[in-house]
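The values are calculated or read from the model by the stated rules, or taken from the named source; none is laboratory data. In this text the structure is predicted, and so the values were computed from the model without any measurement. Backbone-built Cβ (ideal geometry, glycine too); neighbour counts: all protein chains shown.
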Amino acid sequence: MCIRNYNNKYWYAFTLAEVLITLGIIGVVAALTIPTLMTNIQNRVKISKVQNIKHKFSRSTDVMMSLTTLNGYSSTMAFVEELQNHLRIAKICDNNHIRDCWPSDEVILDTNGKTWDISKTKTAETLQMKDDEYHQYDDTVGIITKDGTPMILSYDLKCNIDKYQTITWNNDQSSTVGCIAAVFDWNNQKEPNELGKDVILFNANGLGTDCAIKINDKCYTAPRIITPLSNAECLERQSELGLEYCNSGDDYYAGAVAMCGGKDNLPTQDDLMTLAQELYPGKNIYPGYTSFSTPYSNECILNKMSELGFLNNGTESDPFFILFSNNEKSETYSYYRYYTPTGTKYTDCCRARNANDKQVICTGE
């Protein structure tokens, strides 16, 4: 580029060295910003695809509920045979041929490189699902949907979702998927296949024998949407579950306790603080309210939530999630901790026991 000095009638130009220095600066800036930009784009693609997979599956089980074809199957295979009438399925594999419906031999379970042989995912126990008086999960079945998503499913033989029951949605997931434990690979054939990054738990508690989440050296299941207990159900099981109170309406705290088999199987206040330290590395977390002077980016929190398996109870522009603790306060309120990009707080206010925007994790093995 040339510049003319009209007073002196001379032309000036950038030297080759100046041009090279400028290009070098542009190159350094590009090298610093493009990887971050690409990571953000890839994370948005992941979030969108995972939401889409859960949404399609949920729509199918919603239809099955409306047709009263969600309950009463004698096996996971029998359920899948009906499911394919509502979800486009390209391939079905019994539990002796699970590998035929999965893109890789192994799934990486943790940052230490521990792996799980996917062909061993034959029973509900390998999805860390436990049977009790109200749940009995069957052996697994593998499927590949028409859009190429590989999934491994286990059906709850005691599934009892009434067609007149109110369907609730938590972002991309319907309450009608509560009778299914599943795991899927959102990016199909691409490797590596890492649990929490490529391989997503869908109502399952874990994969293999590894903890889904570890807090204070205790194993916890993967997060799950809570199925509430009605007032009558809560009162009937109050003594059995060790509940002090029952809400007059749908009680999500009682539902969380029932899903975990008792209050002692929910995380304590200290456990939820430790989880916050995992979610917000480098921050000092306090028992009550912790506000960050420098908030985390939404992308950062969404990525960390996804790695740990938590559902976003908010939006991409306002992400958050909420977990019950093992401490209840009254028939109206129970203690919980919420997690946002700007801070975290342990409180009993201001979301009641009958609010459906909380999740639960339970002690594992």
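Listed values, structure above:
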quantity	calculated
Any hit, the stretch 106-117, residues being within 22 Å of Phe57 (Cα to Cα) and either in contact with a strand residue (DSSP E or B) (Cβ under 9 Å, 6 or more places away or on another chain) or surrounded by 17 or more Cβ atoms within 10 Å (Cβ to Cβ) (or both)	no
Boolean, Thr176 is in contact with a strand residue (DSSP E or B) (Cβ under 8 Å, 6 or more places away or on another chain), of a type in the set (Ser, Thr, Tyr) and buried (at least 17 other Cβ atoms within 10 Å of the Cβ)	no
Any hit, the stretch 302-311, residues being farther than 24 Å from Leu195 by Cα and in contact with a helix residue (DSSP H, G or I) (Cβ under 9 Å, 6 or more places away or on another chain)	no
Residue list for the stretch 185-218, restricted to those being under 14 Å from Leu109 (Cα atoms), assigned to a strand (DSSP E or B) and in contact (Cβ under 8 Å) with a residue 40 or more places away in the chain	Asp185, Glu194, Leu195, Val199, Ile200, Leu201, Ile213
Subset of the stretch 299-332 [charged (D, E, K, R), under 12 Å from the mean Cα position of the chain (by Cα) and crowded, with 16+ Cβ neighbours inside 10 Å]	Lys304
Of residues in the stretch 4-33 being of a type in the set (Ser, Thr, Tyr) and either on the phi > 0 side of the Ramachandran plot or in a helix (DSSP H, G or I) (or both), the one modelled with the highest pLDDT	Thr22
Leading residue by the ranking (nearest to the chain's Cα centre (by Cα)) among those in the stretch 138-150 that are surrounded by 14 or more Cβ atoms within 10 Å (Cβ to Cβ) and without any contact (Cβ under 8 Å) to a residue 60 or more places away in the chain	Pro150
Matching entry among Gly242, Gly261, Gly249, Gly206 (being surrounded by fewer than 23 Cβ atoms within 10 Å (Cβ to Cβ) and closer than 17 Å to Tyr137 by Cβ)	Gly261
Hey, Leu153 at pLDDT 95 or above and not assigned by TED's automatic domain parsing to the domain that holds Cys260 or not	yes
Selection status of Thr68, crowded, with 19+ Cβ neighbours inside 10 Å and in contact (Cβ under 8 Å) with a residue 12 or more places away in the chain	no
Subset of the stretch 39-54 (residues that are of a type outside the set (A, V, I, L, M) and loosely packed, with under 15 Cβ neighbours inside 10 Å)	Thr39, Asn40, Gln42, Arg44, Ser48, Asn52
Hits in the stretch 240-272 (condition: hydroxyl-bearing (Ser, Thr, Tyr) and over 11 Å from Ile226 (Cβ atoms))	Tyr245, Ser248, Thr268
